[in-house]
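A short write-up of the structure that comes next.
Any read-out appearing in this document is the output of simple, stated calculations on the displayed coordinates, not a laboratory observation. All values derive from a computational prediction rather than experimental measurement. Note: ideal-geometry Cβ built from the backbone for every residue, glycine included; neighbour counts use all protein chains shown.
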Amino acid sequence: MRGRAELGGGRAPGWLRDPRVWQIGCLAGLLAYGLAVLDFGVSPAQVGLTLGAALAAQYAFGRARGVGFEPRSALISGLSLCLLLRTGDPAWAAAGSVLAVGSKFLLRVSGKHVFNPTNFALVVLLLATDAVWVSAGQWGASAFLAFLVACAGGLVVHRALRSDVSLSFLLAYASMLVARAVHLGDPLSIPLHQLQSGALLLFAFFMISDPRTTPDSRAGRVAFGVLVAAGAAFVQFGLFRPNGLVWSLAACSPLVPVLDRVLPGARYQWPGRVPAVGLQAERLRKGASRAPVLGLPRPGGGGARRPRRPAGLFLLRLLRREG
């Protein structure tokens with residue numbers, strides 16, 4: 001009984017409610033699987049250098065800004081770069097970590113990151129040198145691996161309350177692939193094969209779903225997902241360039257402040273970072289809705305247990321929660 005009371009009526013500890021912890025675990029597991037089973041073209045030494053540079057950059061930029069050291073976001077950026085970025089020069093791997101972490105501190109609008117840190121680092125390095133590339137084909141098209149990434153990613157976006165942007169992107173992108181195949185008279189096995197990509201699901205569940213770089217409202221996130229899908233299809237099939245997902249996300253990210261202004265919503269806050277009561281009071285003072293702040297527990301803890309609902313309403317409850 002004492003243990004349950006200390007956890008706030010049976011709730012998990014605060015650090016377990018932070019989606020970044022789950023994301024670090026998922027990305028680290030995928031990296032370990034890739035190194036052990038898929039023989040990724042990255043050495044353990046380069047992995048260590050990439051993660052070390054990310055943590056060092058986080059410490060340096062945080063100290064310059066007068067804020068405490070927060071390793072979780074830096075680890076997410078470093079692990080993502082280990083999964084996607086390939087280079088024969090370790091210096092470029094370290095530079096990617098510095099670019100990713102630095103973009104969080106230097107490129108902001110209204111307190112939000114303009115670009116996803118990993119996406120920003122990949123785009124800058126691709127533009128700056130021919131010595132780096134994005135390794136999308138390393139995942140293959142294994143249905144098992146796609147299922148593994150989808151499940152791990154689904155866990156992360158559910159905890160980060162960003163399932164809607166991932167689902168809207170995947171549905172829009174799949175529809176465009178199928179429509180193209182029908183228009184060209186290709187068999188449907190071609191778009192199905194294109195969708196069975198670990199890199200695609202990694203992008204959808206771990207990059208585009210970043211709660212700090214997506215629109216605040218559900219309508220804005222759905223529109224953002226469709227825009228990124230359309231841009232990726234245009235780059236890949238209109239311009240015939242690789243890495244359409246990466247280029248499209250970078251091009252669409254500056255539109256997020258516009259979507260936040262046209263379709264306003266509650267700003268996401270990491271759990272435990274700002275007191276919920278203070279945020280609720282500020283939102284009520286400004287005339288915002290009385291919905292709870294996204295990503296923060298309801299004040300008061302405990303309370304009567306809610307009755308169980310049919311399992312078939314899971315997706316509806318999830319999307320309603322994210323609204």
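Which is over 22 Å from VAL246 (Cβ atoms), in contact with a Gly (Cβ under 7 Å, 6 or more places away or on another chain) and polar (S, T, N, Q), of SER217, SER168?
On the way: SER168 fails: over 22 Å from VAL246 (Cβ atoms).
Criteria check complete, one pass: SER217.
With the structure loaded, tell me whether ARG218 is in contact with a helix residue (DSSP H, G or I) (Cβ under 7 Å, 6 or more places away or on another chain), among the charged types (D, E, K, R) and in contact (Cβ under 8 Å) with a residue 60 or more places away in the chain or whether it fails that test. Quick ask: steps written out before the conclusion?
Working: in contact with a helix residue (DSSP H, G or I) (Cβ under 7 Å, 6 or more places away or on another chain): yes; among the charged types (D, E, K, R): yes; in contact (Cβ under 8 Å) with a residue 60 or more places away in the chain: yes.
Yes.
Where residues in region 62-93 are farther than 21 Å from ASN243 by Cα and in contact with a Leu (Cβ under 8 Å, 6 or more places away or on another chain), which of them is surrounded by the most Cβ atoms within 10 Å (Cβ to Cβ)?
Pass one, region 62-93, residues farther than 21 Å from ASN243 by Cα: 62-75, 90-91.
When the remaining residues are screened for being in contact with a Leu (Cβ under 8 Å, 6 or more places away or on another chain), the result is 71, 74-75, 90.
Values: PRO71: 16, ALA74: 25, LEU75: 20, PRO90: 14.
This residue is ALA74.
Consider VAL246 carefully, then state whether it is under 26 Å from LEU30 (Cα atoms) and touching a strand residue (DSSP E or B) at 6+ places or on another chain (Cβ under 8 Å). Give the derivation first.
Values: under 26 Å from LEU30 (Cα atoms): yes; touching a strand residue (DSSP E or B) at 6+ places or on another chain (Cβ under 8 Å): yes.
Against the criterion (under 26 Å from LEU30 (Cα atoms) and touching a strand residue (DSSP E or B) at 6+ places or on another chain (Cβ under 8 Å)), VAL246 qualifies.
Please specify each residue of region 209-237 satisfying the condition of being among the aliphatic types (A, V, I, L, M) and buried (at least 23 other Cβ atoms within 10 Å of the Cβ). Before the answer, list the steps.
Start the filter on region 209-237 by keeping residues that are among the aliphatic types (A, V, I, L, M), which leaves 219, 222-223, 226-230, 232-233, 235.
Residues satisfying the conditions are VAL228, ALA229, ALA232.
Out of all the residues in region 219-267, which are of a type in the set (Lys, Arg) and either over 13 Å from VAL165 (Cα atoms) or over 20 Å from the mean Cα position of the chain (by Cα) (or both)? First the steps, then the outcome.
Start the filter on region 219-267 by keeping residues that are of a type in the set (Lys, Arg), which leaves 221, 241, 261, 267.
Within region 219-267, ARG241, ARG261, ARG267 qualify.
Return a yes/no flag: does region 156-170 have any residue that is of a type in the set (S, T, N, Q) and surrounded by fewer than 20 Cβ atoms within 10 Å (Cβ to Cβ). Give the steps one after another, and end with the answer.
Restricting attention to region 156-170, the residues satisfying the condition of being of a type in the set (S, T, N, Q) are 163, 166, 168.
With the extra rule that they be surrounded by fewer than 20 Cβ atoms within 10 Å (Cβ to Cβ), the set shrinks to none.
Checking region 156-170: not a single residue is of a type in the set (S, T, N, Q) and surrounded by fewer than 20 Cβ atoms within 10 Å (Cβ to Cβ).
Looking only at region 25-36, decide whether some residue is in contact with a helix residue (DSSP H, G or I) (Cβ under 6 Å, 6 or more places away or on another chain), free of Cβ contacts under 8 Å to residues at least 24 places away in the same chain and within 22 Å of TYR268 (Cα to Cα).
Within region 25-36, not a single residue is in contact with a helix residue (DSSP H, G or I) (Cβ under 6 Å, 6 or more places away or on another chain), free of Cβ contacts under 8 Å to residues at least 24 places away in the same chain and within 22 Å of TYR268 (Cα to Cα).
Going by the structure shown, is ALA229 within 23 Å of ALA121 (Cα to Cα) and touching a residue at least 24 places away in the same chain (Cβ under 8 Å)? Working first, answer last.
Working: within 23 Å of ALA121 (Cα to Cα): yes; touching a residue at least 24 places away in the same chain (Cβ under 8 Å): yes.
So ALA229 fits the description; yes.
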